[in-house]
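Each remark here refers to the structure printed beneath this line.
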Amino acid sequence: MCPMLNSRLDIHRWCRNFPGTKAQISEARRFVASYLGDRPETYTAEVVISELATNAIRHTHSGQAAGRFGVTLHAGTTLLILAVHDEGGPSTPRLCQAENTDQSGRGLHLVESLTTRWGVHGDESGRTVWALIPLGRTA
Ligand SMILES: Nc1ncnc2c1ncn2[C@@H]1O[C@H](COP(=O)(O)OP(=O)(O)OP(=O)(O)O)[C@@H](O)[C@H]1O
Ligand SMILES: [Mg+2]
């Protein structure tokens, strides 16, 4: 865990690595919720991190023996960026065609509907999938 304050931009950053097992998806969710606390965006952030962490485990080398994935939160006063770092693989994160999403292919559509933007960087040796959620002012 690495709490960090960028005082010029007023952005806080927290990151943590997790073993690449299904049980760690709820740990990643708790990690995010513990920093956001009881604010309206927390549930959305938990859903988004669940989808991205699940993808890391299911679609990348992070889900293989001894694999790991990382979660980073960048929280400013008006926005939150969630990022999941994986260990790569041959496929690329992409929105599936709507007609093929009966059983699967819904996760990134959900991320797209809940966030302002999402994106990917990296390559088959490791990718980061990130998503941006606006933050309202807390009381
Ligand atoms: N981190 C990732 N690395 C590589 N490929 C990915 C990653 N995340 C998603 N993908 C690819 O993008 C596709 C769409 O992802 P999405 O989460 O929408 O659907 P899914 O994981 O297949 O199914 P669901 O999320 O509905 O259970 C995946 O099938 C996979 O091919
Ligand atoms: Mg998915």
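The values are calculated or read from the model by the stated rules, or taken from the named source; none is laboratory data. Quick caveat, the model's predicted, so the values are computed rather than measured. Here Cβ is always computed from backbone atoms with ideal geometry, including for glycine, and neighbour counts include all displayed protein chains.
Hey, any hits in the range 27-36 for a residue that's within 16 Å of ligand 2 (Cβ to nearest atom), modelled with pLDDT of 95 or more and within 14 Å of the chain's Cα centre (by Cα)? Yes - at least one qualifying residue is present in the range 27-36.
If only one of ARG8, ARG39 is of a type in the set (Lys, Arg), surrounded by 12 or more Cβ atoms within 10 Å (Cβ to Cβ), modelled with pLDDT under 95 and over 14 Å from the mean Cα position of the chain (by Cα), which one is it?
Details: ARG8 fails: surrounded by 12 or more Cβ atoms within 10 Å (Cβ to Cβ).
One residue alone meets the criteria, ARG39.
Checked against the criteria, ALA45 counts as buried (at least 18 other Cβ atoms within 10 Å of the Cβ), away from ligand 1 (no atom under 13 Å from the Cβ) and either within 20 Å of ALA23 (Cα to Cα) or under 8 Å from the mean Cα position of the chain (by Cα) (or both). Looking for whichever is within 12 Å of ligand 2 (Cβ to nearest atom), surrounded by 15 or more Cβ atoms within 10 Å (Cβ to Cβ), under 16 Å from CYS15 (Cβ atoms) and touching a residue at least 12 places away in the same chain (Cβ under 8 Å) here; the options are LEU80, LEU52, LEU108. Which one fits? That would be LEU52, the only listed residue that is within 12 Å of ligand 2 (Cβ to nearest atom), surrounded by 15 or more Cβ atoms within 10 Å (Cβ to Cβ), under 16 Å from CYS15 (Cβ atoms) and touching a residue at least 12 places away in the same chain (Cβ under 8 Å). Within the range 119-137, being within 17 Å of GLY70 (Cβ to Cβ), more than 8 Å from ligand 1 (Cβ to nearest atom) and not in a loop (DSSP other than H, G, I, E, B) holds for GLY119, HIS121, GLY122, ASP123, GLY126, THR128, TRP130, ALA131.
Would you mention how many residues in the range 70-114 are of a type in the set (Val, Ile, Thr) and more than 11 Å from the chain's Cα centre (by Cα)?
Counting residues in the range 70-114 that are of a type in the set (Val, Ile, Thr) and more than 11 Å from the chain's Cα centre (by Cα) gives 4.
Consider VAL32 carefully, then state whether it is touching a residue at least 60 places away in the same chain (Cβ under 8 Å) and touching a Leu at 6+ places or on another chain (Cβ under 8 Å). No; evaluated as a whole, the condition is false for this residue. Within the range 67-86, does at least one residue satisfy the condition of being among the polar types (S, T, N, Q) and near ligand 1 (Cβ under 9 Å from one of its atoms)? No, there is no match, as no residue in the range 67-86 is among the polar types (S, T, N, Q) and near ligand 1 (Cβ under 9 Å from one of its atoms).
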